[in-house]
Amino acid sequence: MDSILVKGSGPLRGQIPIAGAKNACLALMPATLLSEEPLTLTNAPRLSDIKTMTELLRSLGAEVSSLQDGQVQALSSHNIDNHVADYEIVRKMRASNLVLGPMLARLGQAVVSLPGGCAIGARPMDLHIHGLEALGAEIELKDGYLHAKAPGGLKGAMIELNFASVGATENIMMAATLAKGTTVIKNAAREPEIVDLADCLTKMGAHIDGAGTGTITIEGVDRLHGATHPVVTDRIELGTYMLAPAICGGEVELLGGRLDLIGAFVEKLDAAGIDVTETKAGLMVKRRGDRVKAVDVTTEPFPGFPTDLQAQMMALMCTADGTSVLEEKIFENRFMHAPELIRMGAQIDVQGGHATVTGVERLKGAPVMATDLRASVSLILAGLAAEGETIVNRVYHLDRGYEHVVRKFSAVGAKIERIKGS
């Protein structure tokens, strides 16, 4: 099993290109199931999760070709001959459940295994089921599979989510594009990935208003056609690499970075003593002093501070001047990186959904273990700020969400290498 070796690095300088968003692409790819015509996605990230979604779509009968070194995904669903999303594929990745809404809408039936993914909380399917049942679907759970059918077709409805779930919003929105009549999703998720999906569906002929707000309205159409769509910039990868010069010092430009994607995150960086400025090509990040200031963070749905940047922000706070409190309000069990950071000399006290971090002058390298995707990169960031060597084990998590991570960190002067396992 591969690991990553990180050595304490000095100031970082240079440019890092930011990929297309993993979470956006994983919602855009199932949209192919809504149409017989081709869907082409550009600026696609090159990740293991994308390969898993490719495997799933192909198992349903879709054609998926990876072009231009994986940055273009060409999809066609003119011959869907299977409506069962098998456990052996779905268990690898939670986003696999996003085939449910499109298959119901176009085929009138779907059998989808309950999903898997990394262990950062239960993330149940009840919101997806509630929304699709409101559209007229009949859904039954049997032997770990959701058996869904819509014998009379889907019909528009008023749906209010009790939590602004990104996945549920995406599943319902895709299903509603082919439903008869009008669907209104209240308390809809507002993330950029929702807007990106709505933009793509609109190019395919859907009628969608309000994406990016708490209320989305979809007027159902009889059919959708093909389209070409660029995947939006990955705001989580962007925020992660912005923290590298914040931790190590120096000045790094993030190519393709956009302030509108990470406003709440940038506000916290500013309070911590980090300058973020717009350039013609993206964003420039530079630490103002020798040591950042401690800031409190509470994770919230967009436009609040992203839960997917909480672990990385904790790594920064480990060497901040003062004490910070990080509150996790999205997922339970999302402080599993804290014990690993403590192995590196961090002072962290976790009580339920709160982690109190008292900054130290310097972390010390140690062997650590990645517990999930974002935790894995937080340990790399911590290793850049540590004395000596840090070995991050179980980095298969990392491959799910970060492409060419060693190459990108190395390009700005970080001392990092991947060690192949036996």
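Throughout, read-outs are computed from the coordinates displayed, never taken from laboratory work. None of these values were measured; they are calculated from a predicted model. Backbone-built Cβ (ideal geometry, glycine too); neighbour counts: all protein chains shown.
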- request: Please sort 369-376, 252-259 by packing, taking for each peptide the average over its residues of neighbouring beta carbons within 10 angstrom, highest first.
  value: 369-376, 252-259
task: Could you list, in their original order, any pairs among 22/329; 51/329; 280/420; 280/415 whose Cα atoms are separated by more than 26 Å?
output: 51/329; 280/420; 280/415
- prompt: How many percent of DSSP beta bridges within the chain run antiparallel, rounded to 5?
  reply: 70
Rounded Å value of the spacing that divides the Cα centres of region 126-177 and region 208-284: 29
field: Mean Cβ neighbour count within 10 Å, used as a protection proxy, ranking 301-313, 21-33, 208-220 highest first
entry: 21-33, 301-313, 208-220
- prompt: Which one of 47, 205, 367 is farthest out on the positive end of the charge dipole of the chain, using unit charges on Cβ (Lys, Arg +1; Asp, Glu -1) and the Cα centre as origin?
  reply: 367
query: Which distance in Å, rounded to a whole number, links the C-alpha centroids of region 331-372 and region 34-60?
result: 35
- request: Subtract the Cα-Cα distance of residue 354 and residue 293 from 0.36 nm times their separation in residues, and report this length gain in nm to one decimal.
  value: 20.1 nm
Whole-number percent relative contact order across the chain, with pairs defined as alpha carbons under 8 Å at least 6 apart: 21
statement: Protection proxy (average C-beta count within 10 Å per residue), highest first, orders 239-245, 180-186 as 239-245, 180-186
query: In whole Å, what are the Cα extents of region 22-230 along the three principal axes, biggest one first?
result: 42, 37, 33
For region 3-12, Karplus couplings with θ = phi - 60° (6.51, -1.76, 1.60), whole Hz, Gly/Pro x: 9, 10, 9, 10, 10, x, 10, x, x, 9
